[in-house]
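Asks: I'd like to ask you about the structure that follows.
The values are calculated or read from the model by the stated rules, or taken from the named source; none is laboratory data. All of these numbers come straight from a predicted model, not from anything done at the bench. Reconstructed Cβ throughout: ideal geometry from the backbone, glycine too, with neighbour counts over all protein chains shown. These area figures cover heavy atoms from the full protein model, side chains too; ligands, DNA and RNA do not enter into them. Shrake-Rupley method; radii C 1.70, N 1.55, O 1.52, S 1.80 Å.
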Amino acid sequence: MSRFLYWILFLSYCSLYAPFGAAEEAFAGCVADLQRKARQQGLGPKIVDEVLGGVKFAPKVIELDRRQPEFTATFADYLNKRVTEDRVKRGRELLARHRKLLDQLLRQYGVPPQYLVAFWGLESNYGVYLGYMPVLDSLATLACDQRRSEFFTTQLLTALHLIGPRGVEPDQMQGSWAGAMGHTQFMPETYKKYAVDGDGDSRVDLWNSIPDAMASAANFLAGLGWKTGLRWGREVVLPENFTYKEVGIQNRRPLNEWRELGIVTAFGGPIPQADVQAALLVPAGHQGPAFLVYDNFDVIMEWNRSEFYALAVGYLADRINGGGTLKQPPPDQPPLSIAQVKELQTRLNTLGFEAGEPDGILGPGTRRAIRALQHQRDMVADGYPAAAVLKELGISLE
């Protein structure tokens, strides 16, 4: 039977809740195909037959993969849930406790300590939550699911290559439902490419060794192109009557040009004179904070493609390093439902403002389309889907 037919059986189970035996049969056929691929990659009988042959179908993983939030998070909601006073306090304690290690990593990789601790805090709450699901079961289940089979097949086979003498034990591989592992929540491919021995015991253990986890995070960021001596960005204050047409991650210009536009630091001082390209972000619209972000912000987004995530990492790092709260906190704003965002994108496209495929995600393309609409309709062109924008497009606010 071809793998395509295995998928049909497997997906039929997921959608129609076929009897457990049918699902097991379809999954077993898929695993047999994965075993063939594993042998082709040179994995030995113990790994192929005992480890991969022993994986179990995890219906909870399919449920979590399919579960989408009803509402999109606002910047205020996202940031306030992740950069809490408790997380800042704990981060400062851990920064002090591991200062010698973190300073060594700064010298070796060029990544400042506060950023490593911030990633640690956001990824696993400083190791409090590493995930409890068997990674191999999760990856095999997702590899046998047509939606992202190719990606997760690669991750599964890579995870199997990590197993061996002085490597990872199969039972140790506990993590998130999507297969992320350890203090830094590395996917297997990232683990293979960037995980390093930080404590000198000749093995890499991202679950039980903080030095291994921090050294691996530093190696990852350095490999992604972290620029030593450069911040992630900073909060800024915009002048009155700012046009906002320059807003967006894709609109880069030298810091000196932002200075000429009247932008100052959050404390009212001049923007530094430096040969640095920066983009201007207003994640909560003109009523919220504004940020100039630099090349290291792009590096953070290579770890996680969310602008909200990258802003949270930068802000948490600043707080851990002794910085204060935002001068302009994001206002509380009602969240939009996924359906509202899709409708917003559809109507923008219909009017000729290219928002891309309606997917319910407020990405850079959708924000550009909103700015174009706002500019045409003499609104504040901040790219934020405020109530006035929805009303202009005839979208229900309820």
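Asks: Put ARG147, ARG371, ARG305, ARG259 in order of accessible area, largest first, 1.4 Å probe: what do you get? Write down the numbers at each step before the final one.
Replies: Details: ARG147 130, ARG371 25, ARG305 160, ARG259 80 Å².
The residues order as ARG305, ARG147, ARG259, ARG371, largest area first.
Asks: Okay, moving on. Straight-line reach from LYS192: which lysines have a Cα under 25 Å away, not including same-chain ones fewer than 8 places off?
Replies: Straight-distance partners of LYS192: LYS37, LYS46, LYS56, LYS227.
Asks: Less than 15 Å Cβ to Cβ from VAL247, Lys/Arg counted +1 and Asp/Glu -1: what total charge do the surrounding residues give? If you can, show how the numbers build up before the last one.
Replies: Numbers: positive: LYS245, ARG252, ARG253, ARG367, ARG368, ARG371; negative: GLU235, GLU246, GLU257, GLU307, ASP382.
That works out to +1.
Asks: Between TYR129 and PHE71, what is the spin-label point distance in nm, taking each point 7 Å from the Cα along the Cα→C-beta axis?
Replies: Reported label-point gap for TYR129 and PHE71 is 1.9 nm.
Asks: Using R₀ = 22 Å, calculate the FRET efficiency as 1/(1 + (r/R₀)^6) where r is the Cβ-Cβ separation of MET379 and ASP332; round to 0.05.
Replies: Numbers: r = 21 Å, r/R0 = 0.97.
Once the sixth-power term is evaluated, E becomes 0.55.
Asks: Filter the chain for me: DSSP H helices, axial length by Cα at least 27 angstrom, mean Kyte-Doolittle hydropathy not below -0.5. List them by residue number.
Replies: On the way: long enough: 20-40 (30 Å, -0.20).
Span-like helices here: 20-40.
Asks: Sticking with this one: Under the 0.36 nm per residue contour assumption, what length would be gained going from the current alpha-carbon distance of GLU398 and PHE267 to full extension? It would help to have the intermediate numbers written out before the result.
Replies: Working: separation 131, 0.36 × 131 = 47.16 nm, distance 3.82 nm.
Additional length available on full extension: 43.3 nm.
Asks: Could you bin all the Cα-Cα distances of region 292-374 into 5 Å bins starting at 0 and give me the percent of pairs in each, rounded to whole numbers?
Replies: 3, 13, 17, 18, 18, 16, 10, 4, 2, 0
Asks: Can you compute the helix-only [θ] at 222 nm over the chain? Use -39500 (n - 2.57) per DSSP H run of at least 4 residues, normalise by all residues, nearest 500 deg cm²/dmol. Write out the running numbers ahead of the final one.
Replies: Details: 17 runs with 191 residues, N = 398.
Here the helix-only value at 222 nm equals -14500 deg cm²/dmol.
Asks: Compute log10 of I(q)/I(0) for the chain with the Debye formula, placing one identical point scatterer on every Cα and leaving out solvent, at q = 0.07, 0.09, 0.11, 0.12 Å⁻¹, to two decimals.
Replies: Taking Cα atoms of the chain as identical point scatterers yields -0.40, -0.65, -0.93, -1.06.
Asks: Suppose R0 equals 51 Å. What FRET efficiency, 1/(1 + (r/R0)^6) with r the Cβ-Cβ distance, do ARG259 and LEU64 give to the nearest 0.05? Don't jump to the answer; show the numbers that get you there.
Replies: Details: r = 47 Å, r/R0 = 0.91.
About 0.65, to the nearest 0.05.
Asks: Rounded to two decimals, what is the ratio between the C-alpha radius of gyration of region 65-115 and 2.2 N^0.38 Å? Don't jump to the answer; show the numbers that get you there.
Replies: Details: Rg = 16.3 Å, N = 51, 2.2 N^0.38 = 9.8 Å.
The value comes to 1.66.
Asks: Let me ask something additional. For ALA387 and LEU224 in one chain, what is 0.36 nm times their gap in residues minus the Cα-Cα distance, to one decimal in nm? Spell out each step's value before the answer.
Replies: Numbers: separation 163, 0.36 × 163 = 58.68 nm, distance 3.83 nm.
That pair, ALA387 and LEU224, stretches by 54.8 nm at full extension.
Asks: Can you give me the convex hull volume of the Cα atoms of region 107-216, divided per residue and expressed in Å³?
Replies: Working: hull volume 10.9 nm³, N = 110.
For region 107-216, the hull spanned by Cα atoms encloses 99 Å³ per residue.
Asks: May I pose another question? Any idea of ARG367's accessible area? Nearest 10 Å², probe 1.4 Å.
Replies: Solvent-accessible area, nearest 10 Å²: 30 Å².
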